[in-house]
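Engineer: If you scroll down you'll find the structure; I have some questions about it.
Laboratory data are not the source of any read-out in this text; all were calculated from the coordinates shown. Owing to the predicted nature of the structure, the values given are computational and were not obtained by experimental measurement. Don't worry about glycine lacking a Cβ; one is built from the backbone with ideal geometry, like all the others, and counts go over all protein chains shown.
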Amino acid sequence: MNPYNILNQTELQCVSDGMTRPLLENCETASHILILVWPQLGDFDSLEYAWWLQRKAKKLPPEKVAIRAVGIGSRTSGTRFCQYTGFSPENLFVEPNAELHHQLKLYSGLNLTLPGLSVSHQAWLNLMLMCAGFGSPGTLREVFRGYRGDRQAPQLIEDDEIIQGTPLPAFKGSFFRLAGGNGFQRPFELATLRLRNMVEVLSNWHTYVPNSAYLTQRGGTFLFDSKGQLLYSHRDPGILGFAANMSQPLSFLSFIEANSFTMGDA
């Protein structure tokens, strides 16, 4: 089944006003529809994905692509998430129990069970194992990439940007020039952004994660044309696996340009 059929029938709580609305409401005028089904809103992947979208926001006008995201959590979770990331609350929907993820058959994560552990403790155990690479292919490689840098990825932090919100004293982005130069992802640059996200979530844990039973649930990305035809999809295989190309997580948006060119020729 085309996931569009599921998404087109989905109604969830919108963060902006708390009302339950169709997920694809007001997407009719856009030439493309991008649906992001995120894990917990306090998950590394959700926060990092939103950061990349905000970085690209000016090149994604609503008439070109309607963006809708669904994250596991509550409206309170979503409000905090939008305040921190800058993601539009009008475009963010929340669900408490990963039902949409299950309908789309997204990876629920490692599911080992040990007698005597509560559902929450089971989830924590499986999450820790996934962070160590078990049942989460590519996670350790991606963690190490954040520390060693990546010449195939763009520079993430501008020289005049002030880095705050980490356990370290505030410092300017120009510090990363000492680790290798400019114009690409320098050593420790991505790791610093991830550390800032971690501090934000741990400082507001119960807001971001009202129910820890779904800590291991992974997400997915679905890009459609205006007629609901699937142009691109990615199903996250593990933690820090929210894109097929983590060096350029939004490179799949080239499908929009290619599809627009084909439509123009037609």
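Engineer: Using only the C-alpha atoms of the stretch 133-199, find the volume of their convex hull and express it per residue in Å³.
Structural biologist: Details: hull volume 5.6 nm³, N = 67.
It comes to 84 Å³ per residue, whole-number rounded.
Engineer: Let me ask you something else. What full-extension length gain, to one decimal in nm, is calculated for Q103 and R151 as 0.36 nm per residue of separation minus the Cα-Cα distance?
Structural biologist: Residue separation times 0.36 nm, minus the Cα-Cα distance, leaves 13.5 nm.
Engineer: I've got another one for you. Testing the spin-label approximation: label points 7 Å from Cα along Cα→Cβ at W124 and F255. State their distance in nm.
Structural biologist: About 3.8 nm, to one decimal.
Engineer: Using a Debye calculation, one point per C-alpha and no hydration shell, please list log10 I(q)/I(0) for the stretch 3-53 at q = 0.26 Å⁻¹ in order.
Structural biologist: Values, matching the q order: -1.17.
Engineer: I would also like to ask the following. Report, please, the projected area of the stretch 39-89 averaged over directions, based on the convex hull of its C-alpha atoms, in nm². Mind showing how you got there, number by number?
Structural biologist: Details: hull surface 13.3 nm².
Dividing the Cα hull surface by four gives the mean projection, 3.3 nm².
Engineer: Just to confirm a number: summing +1 for Lys and Arg and -1 for Asp and Glu over residues other than I72 whose beta-carbon lies under 11 angstrom from that of I72, what do you get?
Structural biologist: Values: positive: R218; negative: D43, E95, E99.
Surrounding charge for I72 is -2.
Engineer: If you take every DSSP beta bridge whose two residues both sit in the chain, what share of them, in percent to the nearest 5, is antiparallel?
Structural biologist: Details: 19 of 29 bridges.
Roughly 65 percent of the DSSP beta bridges within the chain come out antiparallel.
Engineer: Could you tell me which residue out of L106, F242, P61 lies farthest along the dipole of the chain toward its positive end? Charges go on the beta carbon: Lys and Arg +1, Asp and Glu -1, centred on the Cα centre.
Structural biologist: Checked the options; the winner is F242.
Engineer: Report the Stokes-Einstein translational diffusion coefficient (µm² s⁻¹, integer) for the chain, Rh taken as the Kirkwood radius over Cα pairs, at 37 °C with viscosity 0.692 mPa s.
Structural biologist: Details: Rh = 19.3 Å.
Rounded, D is 170 µm²/s.
Engineer: Here's something else I'd like to know. Divide by every residue of the chain the summed helix terms, -39500 (n - 2.57) for each DSSP H run of at least 4, and state the resulting mean residue ellipticity at 222 nm, rounded to the nearest 500 deg cm²/dmol. If you can, show how the numbers build up before the last one.
Structural biologist: Numbers: 9 runs with 89 residues, N = 266.
It lands at -10000 deg cm²/dmol.
Engineer: Rg/Rh for the stretch 59-199 to two decimals, with Rh computed the Kirkwood way over all alpha-carbon pairs. Kindly include the intermediate steps, with their values, before the conclusion.
Structural biologist: Details: Rg = 18.5 Å, Rh = 18.2 Å.
Answer for the stretch 59-199: 1.02.
Engineer: Cut-off 10 angstrom, C-alpha nodes, Gaussian network model of the chain. Which of Q122, Q40, Q164 fluctuates the most?
Structural biologist: In this elastic network of the chain, the residue with the biggest mean-square fluctuation among Q122, Q40, Q164 is Q164.
Engineer: Still on this structure, I have one more. Pop a pseudo-label 7 angstrom from the Cα along the beta-carbon direction at both R141 and E11 and give the gap in nm to one decimal.
Structural biologist: 4.4
Engineer: Okay, next question. List every residue whose amide H lies under 5 Å from the amide H of K172, counting only residues 5 or more places away in sequence or on a different chain, with H placed 1.01 Å from N in the peptide plane.
Structural biologist: Distant-sequence amide H within range of K172: I163.
Engineer: In a shell of Cβ-Cβ distance under 13 Å around Q83, excluding Q83 itself, what net charge do Lys and Arg (+1) and Asp and Glu (-1) give? Present the calculation step by step, with values, prior to reporting the outcome.
Structural biologist: Numbers: positive: R75, R80; negative: E200.
Surrounding charge for Q83 is +1.
Engineer: Let me check the size of the stretch 196-253 from its C-alpha atoms; what are the radius of gyration and Dmax in Å?
Structural biologist: In order Rg, Dmax, the Cα atoms of the stretch 196-253 give 14.9, 43 Å.
Engineer: Checking a compactness column here: for the stretch 1-130, what do you get for Rg(Cα) / (2.2 N^0.38 Å), N being the number of residues?
Structural biologist: Details: Rg = 15.7 Å, N = 130, 2.2 N^0.38 = 14.0 Å.
Normalised Rg, Cα atoms only: 1.12.
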